[in-house]
Every structure is written in structure tokens, then in C-alpha cells.
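Comments concern the structure below.
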Amino acid sequence: MKLRILLLAVAMLALLAASCTSTSPKSPEMPAQRPADFQISFSEEGGSEPNWTRYVVNAKRASYERKLYNGDVAVSEFEPSPEALDSLYAFVRASGVTDLKAQTEGDSSDRFGYQMEIVYAGNSFRLADQGNQYIRLEVDYNKFKDVMAEIRAFVGKGLDNQKFEVTAIVVLDAKAPRPDSMSVVLEEISLIDLHPDDQAGDTLEGSFTAMQGTYQITAFAKVAGKVWTWSKEILLTQATRVNLQLGRDGFLEIAESVEK
């Protein structure tokens, strides 16, 4: 009986090992000095949203790429300085990210997540927490997130002169019933949501700073049992305000203005 239990335990361990395998074998150590071929990139994608974003940094360019609602890809980029690249490389090397491992668990899926690739001295390291790949140790996942945050900050700082604020303003008509619900989004980014304290006659405002490019701004509302939708494409090349009024007959655009 004891032998049968032992055999069953061994069989279960074998099954677990087969269903949970490492996808990130140990990589060569990163050199102390930044190699000429150094490149780091990561993408955010998966899940129910068809859009994705990608960051890429190498000696020639640092870029932010995003898939638009209409299927086009917008790219914003700049040429980083060698000093800035050296600093980023030193951070990535010190993080120990190339020692991290992910596990493949279960069947393939489209779970939202992140994919990273680092090229250095002829080596290529890939790591993902997306789909059926998981970085299970919290300390490892935090290192992974820290490196992605550093890349975002690096690219974001270099693209500061290509960022502009979008502001949405919605005036709730004082002569109309209070909306049951109302929201304004810049693609998937929420700008305004109706709160319990908001009343007819109030003016609601929300903003977000985005990269220059083409965006879809959309407003949704339910007033007196009727559902209303308003949508518009905006070309963001300067700080922009979109002014709407919401009454019993839906949304009315008062004005779109460019801030000087």
C-alpha cells in the first residue's frame, strides 16, 4: 500500500513538471559596458482590447508605438544620447532581469500582459507575463515591472515635446433630468465618469496627456431611459479642449478649441 501511494505521488509530480515548464533558460551575463548592439523593448497587448503599445530603445532610436482604433500604427521617436543609453543599460544590468524565469501553464490564451526582449553582445533574452506564461514569484515580477517602468520613463522623457493635454468638458443641462450614467473616454482612457454627487447644471471636466497623433474621443450617456453616444476623431498636435453639453436630446458639441 505504501509503495502504491509513493508511486502515485511520483506520478503527480511528473505531471506537474510537465504542465509547468520554464520558458526562460539562464542567459549569458550582461557585459559591464554597454555593447553596441544593445536594444531593449517591451509590448503591452492581449485580452479583449485589440490595441497594443510597444516601446523600443537602441543606439539609433527610442520609440513609442501604438496601434490605433482604425488599425493604423502611430510611431513617436527620438535619438537618445550615448550617456542616457549608458545609464539605462546600467539600470537594466543591475536589475538582474536576465536571470528571471517565466512558467508556461495550461493551454495558450490571449490574457493581457507584457513581453520583453533584450539584445546584448550577440545574445537575445526574452521574457513574458502574458497568455499562458507567468512570472509567479512576486519579487521577480516586481523586478520585471521596474525595468518596464524605467523604459517608459526613458522614452517618455525624450518625447516630452510631443505630448499634449486633451481636456473634455461636459455641461449637464440644468433644464434636463440628471443623467443615469455618463462617461467620456479617449479611446480606452477614461476622462470623465458621472459620480453620485454630480447634478443637473454641473460642469464636469477631465484631462489626459497623450502623445501627438490621431485619437477617437467618445461620450456615452443614459438620460431619462434613452441612451446617447457621441464620437469624434481629433488630431492632437497641440493642447486641445472638447466642450460638450448633455441634455434630454443627447450630446451637443459646443466647441473644440486649441489652447495657445
Exercise for review: Skip the ligands, DNA and RNA, and give the accessible area per residue of the chain with a 1.4 Å probe, whole Å².
Suggested key: 56 Å²
Check your understanding: Would you list TRP52, TRP230 from the most to the least accessible area, probe 1.4 Å?
Key -> TRP52, TRP230
Exercise for review: Give me the Kirkwood hydrodynamic radius of the chain, using the inverse of the mean 1/r over all pairs of distinct Cα atoms, in Å to one decimal.
Suggested key: 21.8 Å
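Could you list the GluC sites (Glu not before Pro) in the stretch 166-242 that lie in coil according to DSSP, counting only those with at most 12 other Cβ atoms within 10 Å of their Cβ?
GLU188
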Practice item. Among the lysines, select those whose C-alpha is under 21 Å from the C-alpha of LYS145, and discard any that sit fewer than 8 residues away in the same chain. Key: LYS26, LYS101, LYS157
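Using the scaling law 2.2 N^0.38 Å as the reference, what is the normalised Cα Rg of the stretch 150-200?
Here the answer is 1.69, to two decimals.
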**Study point:** In degrees, nearest ten, helix 2-19 long axis to first principal axis of the chain (Cα)
**Key:** 50 degrees
Practice item. Could you tell me what percent of the accessible area of the chain is made up of carbon and sulfur, with a 1.4 Å probe and every protein chain present? Key: 53 percent
Practice item. With +1 on each Lys and Arg Cβ and -1 on each Asp and Glu Cβ, and nothing else charged, work out how big the dipole of the stretch 106-260 is about its Cα centre, in Debye to the nearest 20. Key: 120 debye
Review point. In debye to the nearest 20, how big a dipole does the chain give about its Cα centre with +1 on each Lys and Arg Cβ and -1 on each Asp and Glu Cβ?
Key: 760 debye
Study note, to complete from the structure: For 192-198, 33-39, ranked highest to lowest by mean beta-carbon neighbours within 10 Å, the order is 33-39, 192-198
**Study point:** Expected 222 nm ellipticity per residue - DSSP helices of 4 or more, -39500 (n - 2.57), all of the chain, to 500
**Key:** -7000 deg cm²/dmol
Check your understanding: How high is the relative contact order of the stretch 157-260, in percent, with contacts defined as C-alpha pairs under 8 Å that are six or more residues apart?
Key -> 32 percent
Check your understanding: How high is the relative contact order of the chain, given as a whole-number percent (alpha carbon pairs under 8 Å, six or more residues apart)?
Key -> 15 percent
Revision key, fill the gap. Place a point 7 Å from the Cα of ALA94 in the direction of its beta carbon; the residues of the stretch 120-154 whose amide N falls under 14 Å from it are 147, 150
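The values are calculated or read from the model by the stated rules, or taken from the named source; none is laboratory data. Bear in mind that the values here come from a model prediction, so they are computed numbers and not experimental data. Don't worry about glycine lacking a Cβ; one is built from the backbone with ideal geometry, like all the others, and counts go over all protein chains shown. Ligands, DNA and RNA are excluded from the accessible area calculation, which covers all protein heavy atoms including side chains. Shrake-Rupley method; radii C 1.70, N 1.55, O 1.52, S 1.80 Å.
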